[in-house]
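Notes to accompany the following structure.
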Amino acid sequence: MTKKPRLREIEILRGMAFAAVVLQHSIAHFSVVPELKMEDGARLTLLLLAAKFAVPAFIFITGLVLFYNYEGKINYVSFVRKRFKDIIVPYLLWSVIYSFMLGIYNNPPWEWITTMIRFWLTGKSSYHLWYIVMIIPMYLLFPPLRIGVRKTIAWINGQRYRAWILMIGLVVGYELILFARPYITDTATMLNIPILSAYFTTYADRNVIYYLFYFLLGALAGLHINVFLDILKRVKFPVIVICGLFAVYYTGLVLGHFPPEAPFGRRFIALTLLEPAMGLFLIAFLLLIYIIALSILSSGGTYHRQLWITLSRYSYGGYLAHALMLRISYIIEESLLAGMNITVRMIIVWIITLVLSVFVTYVISHIPYGHWLTGMSLRKKNPVKL
């Protein structure tokens, strides 16, 4: 792996993405409380939209960091061994923890063992672990994908019009996949192929095919980071306008296109990631968030930058732990904050969960064998590159 200058904005972007994930899951809890009023629902809608970039950002960062750092020949065995130790093992152990909380060990041994294996393969032991199941194939596919991406870059050969053809082709191809997704699901259901059909139906939300675009976008950015940064300067105003228009559209959709009695948990289904319009919004929003990260890096205060860098450093362990920390935050909220404004309660829960997640990850990483739960090493402060 070639040693290159660190992209400090990536640390900020990763920290922002981690905070956004926790915000989404905090909102989900309060979207179904009976005392939620329309004005609170409107605020939660805007906050949820603001946090939607999280998953695309994590995938984009993965592609960017891998293609930015790795040049020359890759030892595939060594590459996979490191990801197994830093990413897969912590995932497996946290899956066991969440499965224990579900009570599967009350069943006969053979039954809970087979259930545990199914949870490991599907990420079903907790609602947030689907992401790990989805991202692992991207690491496994990185070496062969790298060959194809580099050949494509060679085809561009510095010609701007070819670069635009590639970018437009990627976006159009991704949109076609999203448009075709319902038909793919219907076809998979009809064919009923063991395992494969489930990957496009029951587990379609963690199918790597539907997220590979963001990985490839990150790959292109990582291979030509200076060109990518120059493009961001040129598209700043258009992406702000596009994001603003989509925010207005989706807010109107959530607030106005459902019966008045519809709970916001149901309304928020309209904001699912794998929809064509949402795909366009997220592409523009991802570019905007990167621009914001660059702005924080260049002009933000020291403490502001350090906040996001700290969240980034503990993001993987914090991500794995945050669903458990949310449960603790709910207990605190129900004991101390009952009767307060819903939005205020949600924000407090979000902050408590972030603090607890970082703290727990920090503590675990400093105990013997804590690396196996956090993916972090005391000798190496850099976060896992997710």
Taking the range 353-379 and keeping residues in a helix (DSSP H, G or I) and either over 20 Å from the mean Cα position of the chain (by Cα) or among the small types (Gly, Ala, Ser) (or both) leaves Ser357, Phe359, Val360, Tyr362, Val363, Ile364, Ser365, His371, Trp372
| task | Determine if the range 145-156 includes at least one residue that is closer than 29 Å to Gly318 by Cα and open to solvent by less than 20 Å² (accessible area, probe 1.4 Å). | result | no
Qualifying residue in the range 168-176 (condition: within 30 Å of Asn75 (Cβ to Cβ) and either touching a Leu at 6+ places or on another chain (Cβ under 8 Å) or among the small types (Gly, Ala, Ser) (or both)) = yes
Here the qualifying pairs (Cβ atoms under 6 Å; residues six or more apart or on different chains; first in the range 334-356 and more than 19 Å from Ala28 (Cβ to Cβ); second surrounded by fewer than 19 Cβ atoms within 10 Å (Cβ to Cβ)) come out as none
Item to complete: Kindly indicate whether any position in the range 263-274 is closer than 24 Å to Arg181 by Cα, open to solvent by 60 Å² or more (accessible area, probe 1.4 Å) and among the basic types (Lys, Arg).
Response: yes
The number of residues in the range 270-294 that are of a type in the set (Ser, Thr, Tyr) and farther than 14 Å from Leu13 by Cβ is 1
Note to self: Condition (residue is at pLDDT below 95 and part of a helix (DSSP H, G or I)) applied to the range 16-24: is it met by at least one residue?
What the structure shows: no
Okay, helices (runs of 4 or more DSSP H) sitting entirely in the range 53-124 with 2 or more residues that are aromatic (Phe, Trp, Tyr) and within 19 Å of the chain's Cα centre (by Cα), I get 54-69, 89-102
Going through the range 66-95 in order, the residues found to be of a type in the set (A, V, I, L, M, F, W, C) and in contact (Cβ under 8 Å) with a residue 24 or more places away in the chain are Leu66, Phe67, Ile74, Phe79, Val80, Ile87, Ile88, Val89, Leu92, Leu93, Trp94
Residue pairs within 6 Å by beta carbon, gap of at least six or interchain, first lying in the range 270-294 and touching a residue at least 60 places away in the same chain (Cβ under 8 Å), second open to solvent by less than 30 Å² (accessible area, probe 1.4 Å) and not in a helix (DSSP H, G or I), listed first then second, are Phe285/Phe53; Leu286/Phe53; Ile289/Phe53
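Would you say Leu129 is among the hydrophobic types (A, V, I, L, M, F, W, C) and open to solvent by less than 80 Å² (accessible area, probe 1.4 Å)? Outline the logic, then answer.
Working: among the hydrophobic types (A, V, I, L, M, F, W, C): yes; open to solvent by less than 80 Å² (accessible area, probe 1.4 Å): yes.
It is true that Leu129 is among the hydrophobic types (A, V, I, L, M, F, W, C) and open to solvent by less than 80 Å² (accessible area, probe 1.4 Å).
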Over the range 295-319, the set of residues aromatic (Phe, Trp, Tyr), in contact (Cβ under 8 Å) with a residue 60 or more places away in the chain and in a helix (DSSP H, G or I) is Trp308, Tyr316, Tyr319
Any residue at all in the range 186-200 that's open to solvent by less than 60 Å² (accessible area, probe 1.4 Å), farther than 20 Å from Gly63 by Cβ and β-branched (Val, Ile, Thr)? no
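The values are calculated or read from the model by the stated rules, or taken from the named source; none is laboratory data. Keep in mind it's a predicted model, so treat the numbers as computed, not measured. Glycine gets a Cβ as well: all are built from the backbone with ideal geometry, and neighbour counts include every protein chain shown. Remember, those area values only see protein heavy atoms, side chains included, never the ligands or the DNA or RNA. Shrake-Rupley method; radii C 1.70, N 1.55, O 1.52, S 1.80 Å.
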